[in-house]
Amino acid sequence: MVGFRDPSPGPAPLSLGGTGSLGLRDTHLWMNRREIVHVDMDAFYASVEQRDDPSLRGKPVVVAWRGNRSVVCAASYEARKFGIHSAMPAVTAERLCPQAIFVPPDFARYRAVSQGCREIFLRHVERIEPLSLDEAYLAVPETSSGLEVARAIRAQIREELRLTASAGVAPNKFLSKIASDWQKPNGLTEIRPEDVEGFLAELPVSKLPGVGKVTQERLERIGITLVGQIRSHGRSGMEMALGRSGLRLFEFSCGIDDRDVVADRPTKSISAEDTFAADVALKETAPTLVRLAERVWSLTEAEGRPARTVVLKLKTSDFRILTRSHTPGAPIASADEFVEIAVGLLDRVELDPETTYRLVGVGMSNFFDSENPLQPSLFDR
């Protein structure tokens, strides 16, 4: 069975599944007794907004700009009850819940809160692999208990940041991520090695990494809807059906995932983009480009490393994407210089003057550090 344990007072822990017959004491999972914690903040952007503005608490909050082309960045749990979810068009969200409160995103503030989470993580573990601002894998030291680490981290996030996080504890990455989602929001789930077979057997295949709509349909065509059926189909059968991806799914069905927690790598690029409510001429993108460049510069300063390459991104009204970039001879020294270069890249767009644009973006890349000395950019054109 799968053990569900929550540090807060409440009902007795829930159990699912049953003991298996694969003899996991002799398998890869049992011998590899490492623990990985996956921490996932609950409705992160929306929860930050509700925390900082008491008038939003208990109400359907949608983090997005209003407009026909805006998309939802996050939705509070009150908004999710109406079917609203991230990446949904904002106009659809407004139709589903006319009373929803739209709040424009403030990524600088979310990044600061994310840094606060990281500082809490570092009190308990050394290796952290962030997946985004609101979730990360943590490698539990051999001398610690994954369950106790997760319990302490969630308590400190709640007390110090006034937010809630869900966490999953398991022998590997994909199981810990599934576990963190099992009792959202504000849940803590542990999948023990001896419980993995029973847990996976009845799990829908859509829960496995890499199984999107297309793969799920291909699996259904060969009679597979549950993870246990992948295991029964066998390694060779899965390879014949899906090739290398089939082999990977077979490994997942047996609870095997050898991926290690990799400490976060240096940032390769920082960017921001915006979609216009209505298509605009090239010169009319400049004010938005300036605003985006100022935002990117502030994030770059927080990165603490100079960057050399400025990249302009545009999307035309017929969805063509084009980029222009420039790498000056020395790292960019100020916000004014960055803005000047970004706006200057508009002069290198040589499409028909009648072309209109639905999106503009700007980014910085080619960061300098002691291990990556400045080199000419391959993308300078």
Show that you can apply the helix-only estimate: for the chain, add -39,500 (n - 2.57) for every DSSP H stretch of four or more residues, divide by all residues, and state [θ] at 222 nm to the nearest 500.
-9500 deg cm²/dmol
Report, in listed order, any pair from K283/K313; K59/K81; K177/K207; K177/K213; K213/K268; K283/K315 with a Cα-Cα distance greater than 21 Å.
K213/K268
Where a label projected 7 Å from the Cα of R57 along Cα→Cβ would reach, residues of the stretch 124-167 with amide N under 13 Å
162-164
Based on other C-beta atoms within 10 Å, arrange M238, M88 from fewest to most.
M88, M238
For the stretch 269-367, take the alpha-carbon Rg, divide it by the Kirkwood Rh, and send me Rg/Rh.
0.97
Segment A263-K81, extension gain: residue separation times 0.36 nm, minus the distance between their alpha carbons
61.9 nm
Using alpha carbons only, how many degrees (0 to 90, rounded to 10) separate the axis of helix 107-121 from the longest principal axis of the chain?
40 degrees
Compute the angle between helix 173-182 and the longest alpha-carbon principal axis of the chain, please, reported from 0 to 90 degrees and rounded to the nearest 10.
90 degrees
Can you list residues whose amide H is under 5 Å from L359's amide H, if they're 5+ apart or on another chain and H is modeled 1.01 Å from N?
F276, K315
Hey, if you put +1 on the Cβ of every Lys and Arg and -1 on every Asp and Glu Cβ in the chain, which of A278, I128, G83 ends up farthest toward the positive end of that dipole?
G83
Give the angle, between 0 and 90 degrees and rounded to the nearest 10, that separates the Cα long axis of helix 286-303 from the longest principal axis of the Cα atoms of the chain.
50 degrees
Fewest Cβ neighbours within 10 Å first, please rank H38, H326, H85 accordingly.
H85, H326, H38
Select from V227, G361, V211 the residue farthest towards the positive end of the dipole of the chain; place +1 on Cβ of Lys and Arg, -1 on Cβ of Asp and Glu, and compute about the Cα centre.
V227
Against the 2.2 N^0.38 Å scaling, with N counting residues, where does the stretch 196-258 land? I'd like the Cα-based Rg ratio to two decimal places.
0.95
With +1 assigned to the C-beta of every Lys and Arg and -1 to the C-beta of every Asp and Glu, and no other charges, what is the dipole magnitude of the stretch 174-238 about the Cα centre in debye, to the nearest 20?
300 debye
Taking N as its residue count, the alpha carbon Rg of the stretch 53-106 over 2.2 N^0.38 Å
0.97
Calculate the dipole size of the chain relative to its Cα centre from +1 charges on Lys and Arg beta carbons and -1 charges on Asp and Glu beta carbons; express the result in debye to the nearest 20.
700 debye
Approximate spin-label separation Q216-R69, in nm, with each point projected 7 Å along Cα-to-Cβ
3.0 nm
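Bear in mind that the values in this text are calculations on the coordinates, not laboratory data. Every value quoted in this text rests on a predicted model; they were computed, and no experiment measured them. Because the Cβ atoms are built from the backbone with ideal geometry, glycine has one as well, and the counts that use them run over all protein chains shown.
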